[in-house]
Amino acid sequence: MSTSSMAFQLGASSSFSFSSSSIPRWTHDVFLSFRGEDIRQNFISHLYEALHQRGINTYMDNNIERGEEISPELFKAIEGSMISIVVLSKNYSDSRWCLDELLKIIECKETVKQIHVLPLFYNVDPSDVRHQKGSFGEAFSRVEHKFEADTVKLTKWKAALEEIANLTGFKLGDRNESEFIQDIIKWVDSKMVGRTRLKVAKYPVGIESRVRDIYARLNMGRSDIICMVGIFGTGGIGKTTISKAIHNRISDQFEGIYFLKNIRETTKAGGLIQLQKTLLYDILGIRSEFHDTDKGINVIRHRLCSKKVLLILDDVDDLVQIETLAGAHDWFGPGSRIIITTRDQHLLNNPAVDSKYEVMILDNNEAL
């Protein structure tokens, strides 16, 4: 169970605290998994330096003494990293150390300890990784021969390689390495910005009970459903502040996050098409080209239907904004949560909205 989930569950029967100690603290931004003999002295050193120059705290196992078993220190580093980058080079799979790292990375991804995993296909093809073919397969065959008696471990390694090959990643191909590294840096930047905690309030009076009520409506214990909750109330009553607090509490449980603040004014400035493009970029790190909202809807539905996302649309004032950015549950993957804030309760009279919550003024004790 994540720390934030525990805080919310305890909140039902005890005080609900906004202490920063209940927010997960990553020890590293990025963990690098790679086969040293292939790329340590060239590509990986350049990638590490580029990440460092961007102020991205990156873990690279330069100083760990390697043995047959992966060290507890390395396991802790993987668990404490927001992002894992797995550089799949031709000899990656002939190292038990690398394969055990990969098992731990996949485990963390599935238990939401790890937020993002990015495979990099460095002079290997994803299909060769998936099926252990070509030069990548030759490397894996050496491990198979060495551990032929341990069929359970071999099965786990093969499943992990298949899973990492099926994730969206970057392939070096015919590009030069500097261009390749810049694409990686942009992707990491986009994911880290999405994970930045939002400033809530210096004195969050009255927020605790309201956040607890909305959390209950989000039904966070169910990862098999998609839930859309509407928050309404008069202007300035605290809808945005409450949404920020919710964001900070639960964002670590999602693959992608998009907090669109002040959509009423943003729509006037940039239009809904630009908002659709920004949504896709913030969640997936990709730039999409389309020129009308209908095509944008199709792209969002197609690209996000398998993603567990947290989407917050703040200060909605027109039904078309909901219809073009979060029109239906099946646009998003299981476990997704969509929060809409608005001054107009009637906008939430929508089959897609599962629950509505009215933010009331402070009672006498809170106001005092």
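The values are calculated or read from the model by the stated rules, or taken from the named source; none is laboratory data. Keep in mind that this is a model prediction, so the values were computed, not measured. Here the Cβ is made from the backbone with ideal geometry for all residues, glycine too, and neighbour counts use every protein chain on show. These accessible areas exclude ligands, DNA and RNA; they are computed on the full protein's heavy atoms, side chains included. Shrake-Rupley method; radii C 1.70, N 1.55, O 1.52, S 1.80 Å.
Simple spin-label model, 7 Å along Cα-to-Cβ: Asn349 to Ala149 in nm?
In this crude label model, Asn349 to Ala149 measures out at 7.3 nm.
Would you mind getting me the FRET efficiency between Asn57 and Arg287? Use the beta-carbon distance for r and R0 = 35 Å, nearest 0.05.
0.85
For the chain, what value does the Rg/Rh ratio take when both radii are computed over Cα atoms and Rh is the Kirkwood radius, given to two decimals? It would help to have the intermediate numbers written out before the result.
Values: Rg = 22.6 Å, Rh = 22.3 Å.
With Rh from the inverse mean 1/r over Cα pairs, Rg/Rh is 1.01.
Can you compute the FRET efficiency between Arg40 and Asp174 using 1/(1 + (r/R0)^6), with r the Cβ-Cβ distance and R0 = 22 Å? Round to the nearest 0.05.
On the way: r = 23 Å, r/R0 = 1.05.
That gives a FRET efficiency of 0.40.
Counting only heavy atoms of protein chains, what accessible area per residue, in Å², does region 221-268 have with a probe of 1.4 Å? Walk me through the numbers on the way to the answer.
Details: 1660 Å² over 48 residues.
Here the residues of region 221-268 average 35 Å² of exposed surface.
Leaving ligands and nucleic acids out of the surface, order Ser209, Ser336 by accessible area at 1.4 Å, largest first. Before the final figure, lay out the partial values.
Values: Ser209 45, Ser336 0 Å².
From most exposed to least exposed: Ser209, Ser336.
For the residue pair Val320 and Ala159, what label-to-label distance in nm results when each label sits 7 Å from Cα along the Cα-to-beta-carbon direction?
4.9 nm
Kindly write out, for region 221-230 in residue order, the coupling ³J(HN,Hα) from the Karplus curve 6.51 cos²θ - 1.76 cosθ + 1.60 (θ = phi - 60°), rounded to whole Hz, with x marking Gly and Pro.
Calculated HN-Hα couplings, in order: x, 9, 8, 9, 10, 10, 10, 10, 10, x Hz.
Sort Trp26, Trp187, Trp157 by accessible area with a 1.4 Å probe, largest first.
Working: Trp26 80, Trp187 25, Trp157 0 Å².
From most accessible down to least: Trp26, Trp187, Trp157.
Please give the FRET efficiency for Phe75 paired with Lys295, using the beta carbon to beta carbon distance and R0 = 41 Å, rounded to the nearest 0.05.
Numbers: r = 45 Å, r/R0 = 1.09.
Efficiency, rounded to the nearest 0.05: 0.35.
Using a 1.4 Å probe, how large is the accessible area of Asp189, given in Å² and rounded to the nearest 10?
40 Å²
For region 309-318, take each phi angle, set θ = phi - 60°, evaluate the Karplus expression 6.51 cos²θ - 1.76 cosθ + 1.60, and give the result in whole Hz per residue in order, putting x for glycine and proline.
Going residue by residue, I get 10, 10, 10, 10, 9, 9, 6, 6, 10, 8 Hz, with x marking Gly and Pro.
Between the helical axis of 177-194 and the dominant principal axis of the chain, each derived from Cα atoms, what acute angle in degrees is found, rounded to the nearest 10?
It is inclined by approximately 30 degrees.
Counting alpha carbon pairs within less than 8 Å and at least 6 residues apart, what relative contact order, in whole percent, applies to region 222-368?
Values: 250 pairs, mean separation 61.4, N = 147.
Rounded, it is 42 percent for region 222-368.
Quickly work out the Met360-to-Asn262 label distance, labels modelled 7 Å from Cα along the C-beta direction, and quote it in nm with one decimal.
3.0 nm
Could you give the C-alpha radius of gyration of region 95-239 expressed as a fraction of 2.2 N^0.38 Å, taking N as the number of residues it contains?
Numbers: Rg = 22.1 Å, N = 145, 2.2 N^0.38 = 14.6 Å.
Here the answer is 1.52, to two decimals.
First compute the accessible area of the chain with a 1.4 Å probe, then give the percent of it belonging to carbon and sulfur atoms. Write down the numbers at each step before the final one.
On the way: 8470 of 17480 Å².
Ligands and nucleic acids excluded, carbon and sulfur give 48 percent.
So what is the relative contact order for the chain, in percent, with contacts set as C-alpha pairs under 8 Å and at least six apart?
On the way: 579 pairs, mean separation 57.3, N = 368.
With pairs under 8 Å counted, the relative contact order is 16 percent.
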